[in-house]
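Comments concern the structure below.
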Amino acid sequence: MSKITGQCLCGAVTYSTESEPLRMAQCHCKACQRASGTGHMSLAFFKEEDVAITGTFSEFASVADSGNENIRGFCGTCGARLFGRNSARAGVMAVAVGTADDNSWFSPQVIVYNKDKPAWDCMDGELTSFDEMPPPPK
Ligand SMILES: [Zn+2]
Ligand SMILES: [Zn+2]
């Protein structure tokens, strides 16, 4: 994969990575629905150290039903959702793929929190899905 670059809506925050995603997923949990204002978040996970970020973003922490802290990063100016971190997975960060300049490389491997998926948010029925959050891959 070539370099991935992206930015928030106003352009104050940008990021880039030359790494392959560790994992690609779509999450329908209620927190992702509230944070995104839509039916799911499309997320690519990278090693935190492999993603270069410019600009200042804000963070909001909430507690997931697993008891882990989920920290969502967003642009304080335009409100675009950019990044995510979870206290259960130190050193790993999620990138909200809609913010990538080209996101045609995204190919979700799993759907998580399928139990919260709204009926109107149509997904590929062939994809592996989990009612909640599966254990992290080895
Ligand atoms: Zn912005
Ligand atoms: Zn979620």
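We did not get these values from a lab; they are worked out from the coordinates using the rules stated. Remember, it's a predicted structure, so these values are computed and weren't measured experimentally. Using ideal geometry, Cβ is built from the backbone for each residue, glycine included, and neighbour counts are taken over all protein chains shown.
Projected onto the charge dipole of the chain (+1 at Lys/Arg Cβ, -1 at Asp/Glu Cβ, origin at the Cα centre), which of Phe46, Leu82, Gly67 gives the Cα projection farthest towards the positive end?
About the Cα centre, the residue reaching furthest to the positive side is Gly67.
Can you give the local net charge around Ser87? Use residues other than it whose beta-carbon is closer than 14 angstrom to its beta-carbon, Lys and Arg +1, Asp and Glu -1.
It works out to a net charge of -1.
Please find, in a Gaussian network model of the chain (springs between Cα atoms separated by less than 10 Å), the residue of Cys75, Cys29, Cys122 whose mean-square fluctuation is greatest.
Cys122
In whole Hz and in residue order, list the ³J(HN,Hα) couplings for the stretch 34-49 that follow from phi through the Karplus curve 6.51 cos²θ - 1.76 cosθ + 1.60, θ = phi - 60°; x for Gly and Pro.
Calculated HN-Hα couplings, in order: 5, 5, 8, x, 10, x, 6, 10, 9, 10, 10, 9, 10, 5, 3, 5 Hz.
Quick one: what are the phi-derived ³J(HN,Hα) couplings along the stretch 19-30, Karplus 6.51/-1.76/1.60 with θ = phi - 60°, whole Hz, x for glycine and proline?
Karplus-based 3J(HN,Hα) across the stretch 19-30 equals 8, 6, x, 5, 6, 10, 8, 10, 10, 9, 4, 4 Hz.
With only alpha-carbon atoms counted, please give the Rg and Dmax of the chain, in Å.
14.2, 39
For the stretch 58-69, just list the computed ³J(HN,Hα) in residue order, Karplus coefficients 6.51, -1.76 and 1.60, θ = phi - 60°, integers in Hz, with x standing in for Gly and Pro.
Once θ is set to phi - 60°, the couplings for the stretch 58-69 become 9, 10, 9, 9, 9, 9, 6, 5, 6, x, 7, 8 Hz.
Where nothing but the Cβ of Lys and Arg (+1) and of Asp and Glu (-1) is charged, how large is the charge dipole of the stretch 79-138 around its Cα centre, in debye to the nearest 20?
Dipole about the Cα centre, nearest 20: 340 debye.
Expressed as cubic angstrom per residue, what is the convex hull volume of the alpha carbon set of the stretch 51-112?
Hull volume over Cα atoms, normalised by residue count, gives 115 Å³.
With 10 Å bins from zero, work out the P(r) of the stretch 31-82 over every alpha carbon pair and list the percent per bin.
Each 10 Å bin holds this share of Cα pairs: 20, 53, 26, 1.
How big is Rg to Rh over the stretch 1-69, alpha-carbon atoms, Rh as the Kirkwood inverse-mean-distance radius?
My calculation of the ratio gives 0.98.
Rounded, prolate or oblate for the stretch 94-138? Axes are the square roots of the Cα gyration tensor eigenvalues, ordered a ≥ b ≥ c, and the cut-off for rounded is a/c under 1.5.
Oblate shape, in that a/c is at least 1.5 and b/c is the bigger or equal ratio.
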